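Step one of this worksheet: look at the structure below.
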């Protein structure tokens, strides 16, 4: 009985030691960038201009992840990002967004865990990108839901919160 208790307590200690921590988000301001926040080496922001992308290159960013849907911008962002020496990854999130999918979470997971340089994750306003990141925190990093929701809000999640709640099983079912 005591061995089982010691084993159980050891597992709890190990699990607590492996918890994922996110630095407190702070506003990230850049001329021409409507909304942005930074936590560690991740910036979640609204759509940067071509000139704004140069700033991210100068700051040592290595990857831009776009959560915009097809046809949402009228210039070649992927080409611009690549010309500046950064990697470009798409995690398409249509507008209007109706759900956050397993595929979107997986694409974000792959893009975040395979980079050693700072990353820009963006959509049109930062709302979809921050909502997706919030789900990723809970599902892939084990961050407690209340903390993930708080962080997501600080990183730009607004109306996507409804879809995040649905994905995380927090939505109240209407009859």
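FYI, it's all coordinate maths here, none of it is from the lab. The model shown is predicted, which means the values in this text are computed figures rather than measured ones. Don't worry about glycine lacking a Cβ; one is built from the backbone with ideal geometry, like all the others, and counts go over all protein chains shown.
Structural remarks
- Relative to its Kirkwood radius, the Cα radius of gyration of region 20-167 gives an Rg/Rh of 0.93.
- Maximal additional length on extending the residue 49-residue 31 stretch stands at 5.5 nm, based on 0.36 nm per residue less the C-alpha distance.
- Paramagnetic reach from residue 21 (point 7 Å along Cα→Cβ, amide N under 15 Å) across region 31-70: 40-41
- For the chain, the longest principal axis of the alpha carbon atoms and the long axis of helix 127-141 meet at an angle near 30°.
- Note on residue 58 and residue 106: their simple-model spin labels are 4.0 nm apart, each label 7 Å out from Cα toward Cβ.
- Annotation for residue 158 and residue 170: the two label points, set 7 Å from Cα along the Cα-Cβ direction, are 1.8 nm apart.
- Angle between the chain longest axis and helix 2-17 axis [Cα atoms, degrees, rounded to 10]: 10
- Value of relative contact order over region 20-167, rounded to a whole percent, pairs C-alpha under 8 Å and six or more apart: 29
- Label zone at residue 83, where the point sits 7 Å out along the Cα-to-Cβ direction: region 34-62 residues whose backbone N lies under 18 Å: 48-58
- Length released on extending from residue 41 to residue 76, taking residue separation times 0.36 nm less the Cα-Cα span: 10.1 nm
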